[in-house]
Structures are given as C-alpha cells and as structure tokens.
1. Regarding region 80-87, can at least one residue be identified that is part of a helix (DSSP H, G or I), open to solvent by less than 10 Å² (accessible area, probe 1.4 Å), in contact with a Gly (Cβ under 7 Å, 6 or more places away or on another chain) and under 30 Å from Arg348 (Cα atoms)?
2. So which pairs qualify, if the first residue must be in region 50-69 and within 10 Å of Ala37 (Cβ to Cβ), the second must be part of a helix (DSSP H, G or I) and of a type in the set (D, E, K, R), the Cβ gap must be under 6 Å, and the two must be at least 6 apart or on different chains?
3. Please state which one of Leu248, Leu224 is open to solvent by less than 40 Å² (accessible area, probe 1.4 Å), among the hydrophobic types (A, V, I, L, M, F, W, C) and over 19 Å from His17 (Cα atoms).
4. Is it true that Ser204 is of a type outside the set (D, E, K, R) and at pLDDT 95 or above?
5. On the basis of being assigned to a loop (DSSP other than H, G, I, E, B) and closer than 30 Å to Asp99 by Cβ, does Pro191 make the cut?
6. Is it the case that region 88-100 has a residue that's crowded, with 24+ Cβ neighbours inside 10 Å and among the acidic types (Asp, Glu)?
7. Glu321: acidic (Asp, Glu), in contact with a strand residue (DSSP E or B) (Cβ under 9 Å, 6 or more places away or on another chain) and within 18 Å of Phe84 (Cβ to Cβ), yes or no?
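The values are calculated or read from the model by the stated rules, or taken from the named source; none is laboratory data. Model, not experiment: these values are computed from the prediction. Note that we place each Cβ from the backbone using ideal geometry, even for glycine, and neighbour counts take in every protein chain shown. Keep in mind that these areas ignore ligands, DNA and RNA; they rest on the heavy atoms of the full protein, side chains included. Shrake-Rupley method; radii C 1.70, N 1.55, O 1.52, S 1.80 Å.
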Amino acid sequence: MKVAGIVAEYNPFHNGHAHQVERTRAPEGGEASHVVAVMSGSFVQRGEPALLPKADRVQAALAGGVDLVLELPLPWALSSAEGFAYGAVSVLAGLGCVDLLSFGSECGEVAPLEKAVSVMEGPRFSSLLRYHLDYGISFPEARRKAVEELAGSRTASLLDSPNNILGIEYLKALRRLSSPIQPFTLRRLGPEHDAERPLGDMASASYLRSLYRAGRVLDAAAYLPRAVCPVMEEALEAGRCPADEGLLERAVLSRLRLLSREELSRLPGVSEGIENRLADAARQAGSLQELYGLVKTKRYPLTRVRRLVWSAFLGIPSGWEKQQPPYIRVLGANTRGWEILSAARRAREGAGEGIYPPLVSRASHFASLPEEAQELFALECRAADLYALALPRPLPCGMEYTGGMVKA
C-alpha cells in the first residue's frame with residue numbers, strides 16, 4: 001500500500017486534475033495505490049465562494065479517481081500560499097500513513113524547487129527581503145529579487161510561476177513539520193494558470209468557471225472527465241451551481257461597514273496599516289469590485305485584498321493559519337479511501353496520545369473534541385451557512401450537520 005496526497009480545490013474537477021491522479025498512480029509516475037486529496041471547503045484561496053458546494057466537489061473528486069477527500073479548514077483555505085500549503089500538508093502529515101505528496105509544477109522537477117527552499121530558509125534571505133520591501137515594492141517582487149541575488153536568475157525565475165510557488169511552499173511545509181512524506185512533482189500540462197483559452201482537452205479552472213457562469217454548460221463538459229459530468233449536471237439542475245459572490249455583495253459591504261479599524265486590524269495577514277485603507281473603502285464603495293479597486297495597492301494585490309474582505313465577512317480571526325489544524329475531517333471516501341482511514345487508525349494505535357490530530361467523520365464527533373476544535377468547526381458551519389446564500393437556490397442553515405460524508 002502506497003498512499004499519495006494531493007492538495008486541491010477542485011473548483012471544478014477537470015481533465016487536468018484527472019491527469020494528475022492518473023500520473024500519481026502510474027508505474028512510471030508516483031506508483032501510488034491509494035490517493036487522498038485535501039480540499040478547500042466553501043471558500044477558496046483566491047478569495048471567493050467555491051463554484052459549487054463541497055459535497056458536490058467531493059463527489060466529483062471520487063468520480064474522477066480520488067479515494068479519500070479531507071477538508072482543508074477555512075482559515076487555511078483562505079490564507080496566503082504559505083498558510084494554504086502549511087495547513088494542507090499538516091492535514092496529510094497528521095493522517096499518519098501518507099507516503100507521497102503529489103503536486104503539479106511548471107518546472108516538473110523537485111530538485112530546483114528544493115534549491116529555492118534552501119535559499120529562502122538560509123541566513124541571508126530575510127534581511128535581503130526586508131531590504132527590498134523597504135523600497136516599497138510588492139512582496140512577490142521583493143522575494144524574487146532576494147532569491148536572484150542569492151542564487152541567480154534561473155532559481156529566481158521559478159517564482160514567476162504560480163504552481164512552482166505553491167510547490168516551494170509545500171516543500172517548506174514538509175521541512176517545517178519534519179515530515180517523512182516524499183515530494184513528487186509532475187510538469188503541469190495544458191493552459192497556464194487562469195488562462196482564458198483551453199489547450200486541447202484541457203482548460204483552466206477559471207475558464208471553466210466563466211463558462212458555467214455564462215450558462216455554457218455543454219462547452220464546459222468537453223474539459224471534464226466523463227464520470228464527473230453527471231455530478232455537475234445534477235448540481236446545476238438542483239440550483240447548487242454556479243455560486244455567485246454578487247448575491248452576497250450587500251451583506252459583505254454591510255458587514256465591513258460595521259467593523260471598526262481595530263477589528264479590521266485583527267484580520268489574518270493585515271500589516272502596514274492596510275486596515276485603514278479597508279475601513280475607508282468600506283464606507284465609500286457601493287460594490288465589491290469598487291471596494292477591491294479602492295483597497296488594492298502594489299504591496300496589496302487583488303487576490304490578497306479579496307482574501308482580507310472575505311475573512312472580514314466570515315469572521316476569521318488572525319492566528320489560525322500559523323498553526324496546524326486541530327482535527328482532520330473526512331468529507332468523502334470510496335472503498336480504497338476506507339483502507340486509507342484504517343491505516344490512519346492503525347498509526348494512531350501505535351503512537352502516543354496527542355501525536356496525531358483526531359479524525360472526524362461526523363459532525364456529532366466535534367462535541368467530544370477540545371474547545372479549540374469546536375471553535376474552528378463553529379466557524380466552518382457559519383461560513384457554510386453564509387455560502388449557501390450565494391447559490392442560485394439558497395440552501396438552509398445546518399448543512400454541515402445534515403449533509404454527512406459522501407460515500408462512493
């Protein structure tokens with residue numbers, strides 16, 4: 001038994017995701033017999049509601065070849081690349097039976113990414129990074145300049161590509177956790193991240209979301225695995241897709257207008273007085289797009305601003321993203337997924353108390369967990385209830401309790 005872990009949002013699950021699962025299992029690839037995915041829940045890392053509810057995305061993942069789906073809790077799902085990666089890798093490491101971390105990258109090799117990590121964790125990097133930040137340039141630009149000065153342009157160029165950046169953060173997380181999980185990367189195929197046109201039978205997730213929001217369902221189906229199409233069709237017919245942040249627009253703006261500057265200063269990732277800019281914008285803006293435009297700067301790009309805004313709306317306090325999730329929540333499994341869970345339970349039986357976080361498959365299990373875990377689950381429930389209002393046919397409150405895990 002060889003278990004591979006994948007970090008994903010499946011927003012939505014498409015042919016590129018299916019290719020990754022296939023290559024992760026292939027004899028000439030990862031050689032994994034079992035695949036577990038850690039997936040974002042109701043809200044995703046770019047700072048917006050997911051295209052369709054997580055239960056539907058779990059069902060699509062299982063139909064697309066994944067065996068077990070675990071949840072990446074909200075504070076990590078809506079975090080920077082560093083927090084997102086650390087939370088997801090922590091979940092995989094906490095399972096206790098994962099052998100391999102599979103991820104896509106533009107470079108397609110682990111060694112160059114490992115070199116970049118060594119540079120960024122070296123003794124000179126922090127001071128160089130601060131030096132460039134003091135000149136008022138953005139964090140990504142300052143980071144790239146610092147790496148280039150220490151390791152040359154080839155290593156620095158890795159930071160020009162989003163999947164390389166995430167790969168570097170995965171490797172940093174593995175080191176931080178002293179995890180025995182081995183990294184495995186495959187070269188990303190198909191169009192570039194956020195590309196507006198497909199390439200062959202592959203399309204970016206952002207392009208597919210645009211098709212669904214435009215009602216071009218048949219066009220989108222060409223870039224999905226055949227087994228996933230019925231899942232998407234059922235969600236569309238039931239009014240669970242596509243989620244529209246515009247349906248929450250006034251609620252988000254009103255929430256921000258009610259928050260004080262001090263409360264805004266306690267949001268995850270706030271620094272350098274950006275809370276003042278956010279407070280002023282919230283009192284002027286009549287739409288989310290106007291709000292984003294008023295807040296974003298060279299130092300605070302759009303995606304970071306979006307995460308701030310949705311963190312404020314959902315009430316995510318700062319601090320969660322810097323620690324490991326206090327539980328591992330199972331969202332769905334097939335037969336091989338249950339085998340992974342059995343291996344995880346055996347790992348727990350052979351370890352001391354507190355070595356691994358508790359495994360949770362039912363909402364009722366949270367009542368017996370420590371207060372910290374209960375607080376996080378309450379935050380997740382509140383976010384899901386608000387997310388439900390972004391759907392074409394709003395779902396009632398309490399779906400986190402009544403939905404249950406998906407079985408395939």
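1. no
2. Note: pairs meeting the criteria are Asp67/Arg336.
3. Within the list Leu248, Leu224, the selection yields Leu248.
4. no
5. For Pro191, the condition - assigned to a loop (DSSP other than H, G, I, E, B) and closer than 30 Å to Asp99 by Cβ - is not met.
6. No, region 88-100 has no match at all.
7. The answer is no for Glu321.
For every residue, the table says whether it meets (1) in a strand (DSSP E or B); (2) farther than 27 Å from Gly200 by Cα; (3) open to solvent by 10 Å² or more (accessible area, probe 1.4 Å); (4) of a type in the set (Gly, Ala, Ser).
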site	(1), (2), (3), (4)
Gly16	no, no, yes, yes
His19	no, no, yes, no
Val38	yes, yes, no, no
Arg46	no, no, yes, no
Ala55	no, yes, yes, yes
Gly65	no, no, yes, yes
